[in-house]
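Here is the structure we will look at.
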Amino acid sequence: MGVPIDGKKVAMDYRKNLKEFIKKRVDKGLEPPCIASILVGSDKGSLFYIKNQSKICSEMGVEFKSIILNENIAEEEVLKTIDNLNKDKNTHGIILQLPLPKKFNGEKIINRIYYKKDVDGLTDINSGKFYKGEKCFIPCTAQGIIELIKSTGIKICGKKAVVLGRSTIVGKPVAQLLVNEDATVTICHSKTENLEKICKEADILVSAVGKPKVVTLDMVKKGAVVIDVGFSVENGKMVGDVDYYNVLGKVSFITPVPGGVGSMTPTMLVKNTCEVLKGCI
């Protein structure tokens, strides 16, 4: 029987040092970390994430600015909002909720964020530094996934890892982080042939495609570690990419949805923002 990875517990354990750092700053009369979150429009998934981010920041003593802009706003106004936050010395981290409404130039808007405040690691500067192995901000979800894998106690070095999904937010960065940990990594996507065979060879399987129960029992190796990043609603319930209850008995460790990766992403967001104040970036 597989062991569910309790993402909430791992996140809470990780937050202890961050909360201590924040408390020491405040006790010295210094300002707490401040994160500004920008949402253009009313995407339900983004609103859910913002609510979760705000709750966790409040619990940790982090100031959280939620900036929600009407989807009919001019692109220049969005850019101006980012410019003002870039100049604001009391705002230490800026995140842009994705996806943006289709009419906007996402690349242009993302890259307007000052790279030293780009705490989700999405700008071209941080992406370039990341893949060159230089000090930078790393996408939060990808960082959280690696911490969850490490929490199981398994050694990543030398393992075969398969990542389902090639997004710039999750798939590609988590694959690179696994390479950095000396795993042998395969990235799969909608055009991959022999997908079932490839997945079944994985010691570590990370799925980030956003399709409910696309990873079935016959796609998973016995004893594998499975990280489910998917998020879908099926029959009114939140489900992941993995057919969780059927797969649970075959794997060694697996993240549930909800209760797995979701708690780690905002934790890494706070961690990255604290690194701004520590002068690490």
Subset of the range 213-241, residues modelled with pLDDT of 95 or more, crowded, with 17+ Cβ neighbours inside 10 Å, touching a Lys or Arg at 6+ places or on another chain (Cβ under 7 Å) and under 23 Å from SER151 (Cα atoms), comes to VAL220, LYS221, ASP241
Those residues of the range 48-71 which are within 15 Å of the chain's Cα centre (by Cα) and either buried (at least 16 other Cβ atoms within 10 Å of the Cβ) or free of Cβ contacts under 8 Å to residues at least 40 places away in the same chain (or both) amount to PHE48, TYR49, ILE50, GLN53, ILE56
By residue number, the members of the range 23-41 that are touching a Leu at 6+ places or on another chain (Cβ under 9 Å) and either part of a helix (DSSP H, G or I) or surrounded by fewer than 16 Cβ atoms within 10 Å (Cβ to Cβ) (or both) are LYS24, ARG25, LEU30, GLU31
Going through (1) surrounded by 16 or more Cβ atoms within 10 Å (Cβ to Cβ); (2) within 14 Å of the chain's Cα centre (by Cα) one by one, THR168 fails only at (1)
When (1) over 30 Å from ALA224 (Cα atoms); (2) small (Gly, Ala, Ser); (3) under 16 Å from the mean Cα position of the chain (by Cα) are applied to GLY45, the one that fails is (1)
Does ILE145 satisfy the condition of being assigned to a loop (DSSP other than H, G, I, E, B), in contact (Cβ under 8 Å) with a residue 60 or more places away in the chain and out of contact with any Phe, Trp or Tyr (no Cβ under 7 Å at 6 or more places or on another chain)?
no
Matching residues in the range 154-171 (assigned to a loop (DSSP other than H, G, I, E, B) and either within 21 Å of GLY210 (Cα to Cα) or touching a strand residue (DSSP E or B) at 6+ places or on another chain (Cβ under 9 Å) (or both)) number 10
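Can you go through LEU148, LEU122 and tell me which one is of a type outside the set (Ser, Thr, Tyr), under 27 Å from LEU85 (Cβ atoms) and buried (at least 16 other Cβ atoms within 10 Å of the Cβ)? Give the steps one after another, and end with the answer.
Numbers: LEU148 fails: under 27 Å from LEU85 (Cβ atoms).
Residue meeting the stated conditions: LEU122.
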Notebook entry, point to check: Among the residues of the range 195-210, is there at least one that is surrounded by fewer than 22 Cβ atoms within 10 Å (Cβ to Cβ), assigned to a helix (DSSP H, G or I), out of contact with any Pro (no Cβ under 7 Å at 6 or more places or on another chain) and in contact (Cβ under 8 Å) with a residue 60 or more places away in the chain?
Noted result: no
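The values are calculated or read from the model by the stated rules, or taken from the named source; none is laboratory data. Here the structure is a predicted model, which is why all the values come from computation and not from measurement. Neighbour counts are summed over all protein chains in view; Cβ atoms, including those assigned to glycine, are modelled from backbone coordinates with ideal geometry.
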